[in-house]
1. Which order do the peptides 195-201, 10-16, 437-443 take when ranked by the mean count of other beta-carbon atoms within 10 Å per residue, highest first?
2. Run the numbers on the range 561-716 and let me know its relative contact order in percent, using alpha-carbon pairs under 8 Å that are six or more apart.
3. Round to a whole angstrom and tell me the spacing of the C-alpha centers of the range 554-629 and the range 393-467.
4. Just grab the label-to-label distance for residue 617 and residue 253, each label 7 Å out from Cα along the Cβ direction, in nm (one decimal).
5. Ignoring everything except DSSP H segments at least 4 long, calculate the 222 nm mean residue ellipticity for the chain; use -39,500 (n - 2.57) per segment, divide by total residues, nearest 500.
6. Return the carbon/sulfur percentage of the accessible area of the range 419-542, one whole number, probe 1.4 Å, all protein chains in place.
7. When you count, for each residue, the other Cβ atoms within 10 Å and take the mean per peptide, how do 704-715, 76-87 rank with the highest first?
8. Going toward the positive end of the dipole of the chain, with +1 on Lys and Arg Cβ and -1 on Asp and Glu Cβ, which of 497, 567, 733 do you reach last?
Amino acid sequence: MINIDAHNHVQGKSIYLDDLREQYGTLHALPFDATVAHAKIKSLDLSAAQKAPGIVAILTAADVPGRNQIGGIIPDEPLLAEGEVHFRGQVIAIIVGDTEYNCRRAAKLIQVEYELLEVITDPREAQAKNKLIIPPRTFRLGDTAQAWAQCDHIIEGRSDVNGQEHLYIETQGAYARPKEDGSIVISSSTQGPTAVQRMVAQVLGIPMHKVEIDTVRLGGGFGGKEDQATPWAVMVAMAAQILNRPVKMSLHRMDDMRMTGKRHPYSADFKIGLSKDLKILAYQVTHYQNAGAAADLSPAVMERTLFHSTNAYYIPNVLATAYSCKTNLPPNTAFRGFGGPQGKFVIEAAIVKAAETLGVRPAEIQQRNLVQDGDELSYGQILTQTQAHQAWETCMKKYDYQQQKQRIDAFNQNNHRYKKGLAVQPICFGISFTNTMMNHARALVHIYHDSSVVISTGAVEMGQGVNTKMVQIAAEIFGIAPSLIRIESTNTLRVANTSPTAASAGADLNGKALELACNALAQRLKAVASQDFNGEITLASQQVMAEGKATGMTWTDLVLKAFTQRVALSENAHYATPTIHYDKTKEKGHPFAYHVYGTALFEVTVDCLRGTYEFDSVQLVHDFGKSMNHDIDNGQIEGGLVQGIGWMTLEEIVYNKEGRLLSNALSTYKVPDIYSVPKHIEVAHLETEGHELAIKKSKAVGEPPLMYGIGAYFALRDAVRAFNPKADLAVDAPYTPEKILTDLYR
């Protein structure tokens, strides 16, 4: 089954926020933001701007009807700055006018006088000054203090990894329309409709039932619209309520890049101890997370970093500590992987540094320490149904790792200007929200008496194909063609109290809820059919089957008969992931429903004269479980892989010491294009039984493949070492051509 949006996408018919028809009288809003990173607002003069042509109102914190606060985890983020600004891009006022053009003209007339304060952009500096979002957290396993004495080799080092711009094709935006009873409906480009609903209600001082959030689809999200879609929706809602007019906002690309948070940059110190036979006996790591100026989702992102600090390896003695450091940058936020990639990058750096020190290939250390059933992770979960070794061995055999290594060694011996690098990247990624209470979902299904079906879930479609999988579930259970099924937009009045579509859990949670609802309806219909037929009743090919044979009764006949008997043809179902739990007071529990595994091989060629490079191939074996849609899942693997490669190589976010974003446009911030993706990508499906907590045993594919991209960094490092084996190389991602050129001649 192809993606149900495919035809409309290629014809340009798919509706996004900015495609919505504007109601008569719609106004346009523009955020007016700070041009300094940390300062007191001494004066704010709006008078000239308020008189500008087309301007209807300019709203500030003083105009907030309810509570001027949008912090989701910690209430530390005002919607509009009050008295002080903490980062460049923090919104001070909302300009509302008849056109965006007139709003931009008026913005130039606003006068702000600042009293400048100290600016901190480095997380280590923030930690040293005790500027933290939350107290530090530590995960422990075994006793590292005692374990060091048993180690034959101890290696220490530092790693730094930069952030990443989401660069969704559709920028942030929202469109609010007031209704007659004081309620409001908002079309929002958000991954978290309920989060937007809650904050709109809080800021406007009204109950949640008066706020309707509707999301048809997003033009990309990648986590950037999990929490950071909220302020723009709240701003237009506030303006719409105060002015009693429809209000729309759709950010300009450069405004979006300047004002929104990114993937968290991290700095880390590590210490790793190994035995003579290359078993990792102890690992200690301290992470310094650059949270930005407010919490946003940083505490949860930091937590997942700790959860994934040992990647796919069993280490009996672990001490992992993380600091969420408050700086004067836009609050950083969720991004595909949600802290997991940053944690994995450090352990891979530690293994590579150890391998270089000991004169062995990193793969020798990686393979000897892969997790297996019965291993305990640093947070207390005991692994079962592990596929780490199976994925590794399948990858090594299928793609003939030894032959590749010999070929690359021979190439490097016979070439001076060009050098090849090889890296192996195993992954192990936990699936669930680590905040246990978020692991729930609901679905609403109606069967109309003409036999057509409409389904509603809390899942948000953002290009990942979740709507297609939802239609597949209903079609399979009812035994009908997908053309009979329509999936509704994600709407907080149809499906309430939704968790965001994030953590790779959208298909699992919402799919399981939909499965429950459809099964309940199918059972009612089968009971009706059993009045006429004996034996086991099944539904297939739009027919009623008895003992596997067609009865002559169609799906349409059955639905109409059930309707005439007044059988309920609507069902609402709730699903909550079983077995998972976590105790933060002990930092122990079973937070993940299951884990996803895989192994990738990277081959790269570096031009040692220029520092440029090409990825020759990425060949990987991935644990899909029992994939319910190979095309969609393969697309997620390829997209996640390339996005991970971009993070590790090209995508460099640069702020100056005053907190000004220098990589603020597509001319200064580079993402992978057709010329920079690997020449050859091969994805093999690992044959496994899947997991019962994955929808139809089809494992999550949203975030895990991004982790493969980490291998790109170490393949490049391998090539650089082939040219300059004596260089003392730092671990500093992304590995841009400029950094590579420096390292080649270090």
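The values are calculated or read from the model by the stated rules, or taken from the named source; none is laboratory data. As the structure is a computational prediction, the values presented were derived from the model and not from experiment. Neighbour counts run over all protein chains shown; Cβ positions are idealised from the backbone, glycine included. For accessibility, only protein heavy atoms count, side chains too; no ligands or nucleic acids. Shrake-Rupley method; radii C 1.70, N 1.55, O 1.52, S 1.80 Å.
1. Descending mean neighbour count gives 195-201, 437-443, 10-16.
2. Relative contact order of the range 561-716: 30 percent.
3. Measuring centre to centre over Cα atoms gives 9 Å.
4. Calculated label separation equals 3.5 nm.
5. -8500 deg cm²/dmol
6. 50 percent
7. 704-715, 76-87
8. With unit charges placed on the Cβ atoms, the residue in question is 733.
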